[in-house]
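The structure under discussion appears below in the form of structure tokens.
The values are calculated or read from the model by the stated rules, or taken from the named source; none is laboratory data. What you are looking at is a predicted structure, and each value in this text was computed from that prediction instead of being measured. Neighbour counts run over all protein chains shown; Cβ positions are idealised from the backbone, glycine included. Heads up: the accessible areas ignore ligands, DNA and RNA and are worked out on the full protein's heavy atoms, side chains in. Shrake-Rupley method; radii C 1.70, N 1.55, O 1.52, S 1.80 Å.
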Amino acid sequence: MSQLKEQQKQFLDENPFVGVVTTLRDDGSPHSTVVWVDVEDGKPSFNTALGRAKPNHLQHDARASLLVVDPNDAYKWVAVSGRTKLTEAGADAQIDKLAKKYIGKDEYPWRKPTETRVKVLIEPEKVDAYGFDG
């Protein structure tokens, strides 16, 4: 197991930089999408909804990778890969927190009443980073 260093956690948690998360389709091919990024208990996290491709892929194969690049400095980035845990607990609150961070709204404006939000936590197994001290 690997862990995010404090500077890497702050980079992911405090900046409204989007991430690219890659999951694996049932046939093993990679599927990459842009996500809003959160950090919880030292683990990178993102939010999605049941029925979408990401949670479907992760229920079949729990492995995922996340890459976040500073849009102002392409040579400052954090990449994390590991197994994921999906939970509905706290997922609605998380998407509102992310809406505040990324678009300045108190509530996620595109919520659908029929949708079940899911929080995805990545247990870091490998962490690569560039552009950080120590």
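Structure values in brief
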item	result
Span per principal axis, largest first, for the Cα atoms of the chain (Å)	45, 38, 24
Where the chain is the region considered: accessible area per residue in Å², 1.4 Å probe	56
Cα→Cβ-extended label distance, 7 Å offset, between Arg52 and Lys126, nm	2.5
Positive-end extreme of charge dipole, segment 3-65 - chosen from His31, Ser65, Val21 (charges on Cβ)	His31
Within segment 1-115: Cβ-based charge dipole about Cα centre, in debye rounded to nearest 20 (Lys, Arg +1; Asp, Glu -1)	160
Mean-position separation - Cα centroids, segment 49-97 and segment 13-27, in angstrom	5
